[in-house]
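In what follows, a structure is listed as structure tokens, so that the remarks can point back to it.
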Amino acid sequence: MGIFEMSMQMQEIIVLLVTGFIIFSLYKEKFPPALTFFIGVGFLLVIGILTPKEMLGGFANDSIITIMLLLVVCGVLNKSALPDQFFHKIFGNVNKMSTFLLRMMFGVAILSAFLNNTPIVAFLIPFVYTWSKSNKVAPSKLMIPLSFATVLGGTITLIGTSTNLVVNGLTTSAGFEPLKMFDFSIVGGIQAFIGVLYLYFFRNTVLPDRPDPLETFQKSQRDFLVEGRIKINSGLIGKSVESANLRQLKNFFLVEIIRNEETISPVSPKDILRLDDILIFAGDIKNISELVDDQKEINFPKTQSIKNNKSRHLIETILMPNSDLIGQSVKECDLRGRFDAAVVAIHRRGEQINGKLGNVILKQGDVLVLFVGDDFDTRTDGKEDFFIINEIEKTEKINPIKSWMVLIGFGVCIIGSAIGFMSLFQSLLVLLALIIFTKTISFKEMHNLVDYNLLILAALALALGEALTKTGAAADIANGILYLVKGGGPIAGLAAIYFITMMVTEIMTNVAAATLAFPLAISLANSFGVDPKPFILAIAFAASASFLTPVGYQTNLMVYGPGGYKFIDYVKVGLPLSVLCMIVCVVGLGIIYGLF
């Protein structure tokens, strides 16, 4: 039997193995999510299980393209002064933590129903962080609620999260009627309202009270590292560490010497310094610049190109999940050339990073301390590599009149789509043409606002869903679930598909979880002989209900560093919320669609 003449049973086994590989790879973070799907789906194409049309069909799906259009429009709005004005209007001069928390959560939940939640969280983290410092409130009391409230708000409408739009794309691809703008609103609204109240009333019980991680860094001698290399003809060559006066540095400590790939640690006062020794210092972030300037016998190559820049300053940033720097070493990233910046220190989820900074492989969520120069703002504008924790000078905002034009146009798009006058895809396309025609932003800026990784991931995820359905794998898995829950009827099946999707979304992307669960949901609904719509909505809600881990949802990871959280914090706060959301969703959909 030829490779392209496999039995359906063999095809099903292969698809399940590929699906297992994708889940494992996403969980272990061996490859970026988009690359993982490309490898898996590409393999299915090569062996003939998928046709080229089936593999690439997602790129022509209007729901997938709608996601890209929404990201661009939301990005334009985020470049305006309107979000800043909105949040200052909401918070005013609030200085009471409970009042601030409640206003913040309801405010972002409402906003997230219509705007992509990632830029909302990106915009608000510096705002919330600054407020917490000014009012002596631990950031850990505010950052998880910020993320969770945006996630909850995103479930209220079709456009609230990219997951909903991907599920809508799966729905239309399967031949069903497309989901409407407010099909999510009753259950999503109740879920968001109850979730916000839970976070508010149990804030003192479940939210940790951790010290500000950046203040902790500044007080900790070993959290910030800077490396230098002994110069040619340096007076330090041949001297011991003690005689070179490297044991008595003000607010600094020599923690390691790296010599020909050998690491000397701890450093003894009697260790003799040699040419080209790499010295790793640790100390107070405020004194790093003094160390760089005062030491004449040591080269600091990572900061040399910007150390004489008059406007240089240190900033703390988080490496964003979509950054193409992830998986590269600091040296390979060439931050000097690309961003006019140099890495001074790295902090990773409470772990100390030792050794040569240039060899450290960057991971999503890393907190980077950077020396930045004049061009840093310009070179990072529109890119998704860094998220700034502390306040730095913002790039120039777009014209206020044009900002209002975009906002009003976006409102018209939503209303027009809701009443059926024009599809969301069509209306956003018209609005985008208006943005281009009025030169609200440049084409280059617009190009930077498109999340190509998400586009590839979503499109290929549709192809994997097609393979699961085509080979019968989805139906067989659904029959297994049916066997376990058949005594409970459709409502038990709805609860089962919600629970499975919710668990899977914690170990892989929410879009991928929804895609894998979709064919199972359809098969399960068909097995019970009921309308598949509540099952479709259930996987959309469950795929977004990522509250148990920092890696299950992008915004959870974004607040991980600024909040100073531990992994267990998400379990403690998120487990009761996950249970509440599951109950609201299953009961609500069951009542609305008559499954009881």
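Extension gain for the segment Phe182 to Arg338, taken as residue separation times 0.36 nm less the Cα-Cα distance, is 51.9 nm to one decimal.
Once you reduce the stretch 518-555 and the stretch 445-481 to the center of their Cα atoms, the two points are 14 Å from each other.
Going down the table (Lys331/Lys363; Lys133/Lys566; Lys363/Lys444), which pairs top 22 Å between alpha carbons? Correct reply: Lys363/Lys444. Pop the C-beta distance of Phe24 and His88 into the FRET formula with R0 = 35 Å and round what comes out to the nearest 0.05. Calculated value: 0.15. Suppose R0 equals 51 Å; then what is the FRET efficiency for Ile568 and Ala433 from their Cβ-Cβ distance, rounded to the nearest 0.05? E between Ile568 and Ala433, to the nearest 0.05, is 0.55.
Applying 1/(1 + (r/R0)^6) with R0 = 22 Å to the Cβ-Cβ distance of Gln9 and Lys53, what FRET efficiency is obtained, to the nearest 0.05? Calculated value: 0.35.
Counted residue by residue at 0.36 nm each, then reduced by the alpha carbon distance between them, the extension gain from Ile401 to Lys96 reaches 106.4 nm.
As a proxy for reagent exposure, ranking Ile568, Ile278 by other Cβ atoms within 10 Å from fewest up yields Ile568, Ile278.
Rule-based calculations on the coordinates, nothing more; no lab input. These numbers were taken from a predicted model, which means no experiment stands behind them. Ideal geometry is used to build each Cβ from the backbone, glycine not excepted, and the neighbour counts take in all protein chains shown.
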